[in-house]
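For reference, the structure discussed in these notes is given below.
The values are calculated or read from the model by the stated rules, or taken from the named source; none is laboratory data. All values derive from a computational prediction rather than experimental measurement. FYI the Cβ positions are ideal-geometry reconstructions off the backbone, even for glycines, and counts take in every protein chain you see.
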Amino acid sequence: MEVQQTLTVCVTGAAGQIAYSFIPLLLSGQVFGQVKINLRLLDIPKMETALKGVVMEIEDCAYPLIGDIQTGSNPKELFKNCDLIVFLGGFPRLPGMERKDLLQKNANIFKEQGEALQEVGKDDVKCVVVANPANTNCLILSRYATKIPRQNFTCLTRLDQNRAYAQVALALNKPLNSLKNIIIWGNHSTTQYPSIEHATADGQSFVLPDQGQFIERIQKRGAEVLNARGNSSVFSAANAVKDHIKDWFNGREDTLLSLGVLSNGEYGVQSGLCFSYPIRCLGAFKYEIVGNLELSDFSKQKLKVTEEELIQEQGLAESI
Amino acid sequence: MQQIQKQIKYLKCKSISKRSLPINSQELQLPNLVNNQSHPLEQPSQVLLVKLGYSLIFRVASGEMLGPNQPVILHLIDLPFAMAALNGVVMEIQDCAFPLVQGIVATDNQSVGFKDVNYALMVGAKPRGPGMERGDLLKDNGKIFTETGKYINDHASRDIKVVVVGNPCNTNCLILANQIKDIPKENFTAMTRLDHNRAQHQLADKLGVHTSDIRKIAIFGNHSPTMVPYIDQMTAKNHKATVDQQWVTQTFIPTVQQRGAEIIKARKLSSAASAGNAAMNHITTWVNGTAEGDYTSMAIPSDGSYGVPKGLIFSFPVTVKNGKYSIVQGLPISPFYQGLLDKTIKELVDERNAVDHLLK
């Protein structure tokens, strides 16, 4: 099949586990269709040899859609000419580390990368932040790359959304494609609010046998998987990144989706925070925040809690 | 909504544990699964955890292998002590909210695991440990694949297509297929697609073209250092292409043969992603057919072509149509290639002799 265009995509943390699962999905054609992908793979200098191994394997997959590949540790080199950057790389939480330290270490990384974007990035580059704390990392990134439109900065809450869909499908014993408009609000953390308030199953609204349990399960699902596998959720995360980009790029008519985006004050959330909202994806990387849904007092309360946490995180991160 | 075809069941026989275990008679309940009954294994097996299956499961579940209209039921088999970790994998599959996954069977019971399966990707096997002779490797894997062969014969769908990936894959496939009485032998294959893809890339790189521009190459023989990358009829962008013989013998062939080791050195882990990718490619091509004017590589039961002893599981150039493969006949074999073929034939015959006691 004749390949029409080329996109240049950068993946940070490219020698890591999520990248290892994500890159085959990116190159499979499932995200952008018959579009050639030039890869820019960024990781820290220590991972240079491992990164070479990753490149060898990409070569050995003989993907029809692979363009050229560059690797490196300098964002000012690798961010050039990128149409999309997937920020998988971040400072991991080490044993004994305070949340404050985690936030600040990552803020430094995303400040540097934001500055690189500002200097060499394409004016219209799209960003997906996955590395945790995703929302606050996304906020920091956007603060230092002011030439890039606010709506180009997103963070991942699609994993939480996919988890919520799965749990609802199991609880109601219904197929996944009968469900719509299950939304993750707020921070990608344990304060997130997975909401079925506007969701439908076969076009009808529904209640769950134990909504509190459902909410808590989604909030803590990462830990549940970690305990069972002895390893974090790798592939489901990579899959969610693929879904996020695919729907953001192609648009979705049949349902609202959850993406973390920069707030303009919708639902009374402090402007500038990166907050997961109900999003209508319009295609060609365009979207709109659906800002007029009726919210119950219960929901409003949940939104407040997660917003509080984000405000705190912002304070800690900005004290660098 | 597009036409949904019949349900297809998959199997991934992937994992194997490090420790030798006593029989575990615990009934294992797995939540949120289609079938969640399990029964104690009849015999203990010594097995090793291989991470190869992880990314493969998810790519298959996403619809990449059989296409976006083919719903799947995933069958995952593991040993009793590994059920908790397997449950974690099941949770992750659920967390992907794959529209095509209509069920997940996760079990330590092989008769449940293999029931009605249409496609089996056998990625698990006992790898070579330090100090281990090839003979020991063959013996240990012999037990695993003999048992698996029986379960497949008794429980799998009669049209099952099997690709053995776990090494030594050719001989493991031979052992497995030997247990099969009621399913056509040609349904049992081993994987050399990874070597094929690796060769394709090396040649594309040398010729300055894209991998998809390289056609008419094939891997003959054993998936081992004796494999034969045959490029006599190679085309690049549909024109006959040649590369100098010195590069072939001194760089190309050694690079393809040693690629796995090179990746382990760089990554400190095996080439799981590219191997899983190749396993998927193998099945997809087997189902969808080869492109016009091209062939692929599959290790299949030899019918005597190219002087290869009948019944050996041997990689040949094949075309595939309507779910059936045919060996590409009449390719010119120079003395250079004949020498390489002889070596790989001998190795496979030796392997077969080493497991002779397992073959009735």
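Each row is one residue, and each column tells you yes or no for (1) modelled with pLDDT under 95; (2) touching a Lys or Arg at 6+ places or on another chain (Cβ under 8 Å).
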{"position": "A:Asn231", "(1), (2)": "yes, no"}
{"position": "A:Ser236", "(1), (2)": "no, yes"}
{"position": "A:Lys246", "(1), (2)": "no, no"}
{"position": "A:Tyr287", "(1), (2)": "no, yes"}
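What number of residues within region B:47-67 are modelled with pLDDT of 80 or more and in a loop (DSSP other than H, G, I, E, B)?
6
Which residue out of A:Leu257, A:Leu226 is closer than 30 Å to B:Ser55 by Cα, within 13 Å of chain B (Cβ to nearest Cβ) and free of Cβ contacts under 8 Å to residues at least 12 places away in the same chain?
Unique residue meeting the criteria: A:Leu226.
Got a sec? Which of A:Pro149, A:Pro194 is away from chain B (no Cβ under 14 Å) and either among the charged types (D, E, K, R) or free of Cβ contacts under 8 Å to residues at least 60 places away in the same chain (or both)?
A:Pro149
Looking at this structure, is A:Thr6 surrounded by fewer than 19 Cβ atoms within 10 Å (Cβ to Cβ), away from chain B (no Cβ under 11 Å) and hydroxyl-bearing (Ser, Thr, Tyr)?
yes
Do we have A:Phe214 as of a type in the set (Phe, Trp, Tyr) and more than 12 Å from every other protein chain (Cβ to nearest Cβ) here?
yes
(1) within 22 Å of A:Ala240 (Cα to Cα); (2) assigned by TED's automatic domain parsing to the domain that holds A:Ile289; (3) out of contact with any Pro (no Cβ under 6 Å at 6 or more places or on another chain): which one isn't true of A:Asn173, the others all being true?
Unmet for A:Asn173, out of (1) within 22 Å of A:Ala240 (Cα to Cα); (2) assigned by TED's automatic domain parsing to the domain that holds A:Ile289; (3) out of contact with any Pro (no Cβ under 6 Å at 6 or more places or on another chain): (1).
In region A:41-64, which residues are crowded, with 18+ Cβ neighbours inside 10 Å and outside any helix (DSSP H, G or I)?
Result: A:Leu41, A:Leu42, A:Asp43, A:Cys61, A:Ala62, A:Tyr63.
Please verify whether B:Asn153 is of a type in the set (S, T, N, Q) and under 13 Å from the mean Cα position of the chain (by Cα), treating the condition exactly as stated.
Criteria not met by B:Asn153.
For region B:212-231, state whether one or more residues are of a type in the set (S, T, N, Q), surrounded by fewer than 20 Cβ atoms within 10 Å (Cβ to Cβ) and within 14 Å of chain A (Cβ to nearest Cβ).
Within region B:212-231, one or more residues are of a type in the set (S, T, N, Q), surrounded by fewer than 20 Cβ atoms within 10 Å (Cβ to Cβ) and within 14 Å of chain A (Cβ to nearest Cβ).
Pairs only if they're at least six apart or on different chains, beta carbon under 9 angstrom, first in region B:221-250 and closer than 30 Å to B:Gly311 by Cβ and in the same structural domain as B:Val318 (by the TED database), second modelled with pLDDT under 95 and in a strand (DSSP E or B); list them, first residue then second.
Within 9 Å, no pair qualifies.
Being of a type in the set (Lys, Arg) and farther than 30 Å from B:Leu66 by Cα is the filter; apply it to region B:314-356 and report the residue that is surrounded by the fewest Cβ atoms within 10 Å (Cβ to Cβ).
Step by step, filter region B:314-356, then rank; the result is B:Lys346.
For residues in region A:50-102 being among the charged types (D, E, K, R) and within 14 Å of chain B (Cβ to nearest Cβ), which is nearest to A:Ala145 (Cα to Cα)?
Among those that are among the charged types (D, E, K, R) and within 14 Å of chain B (Cβ to nearest Cβ), it is A:Asp68.
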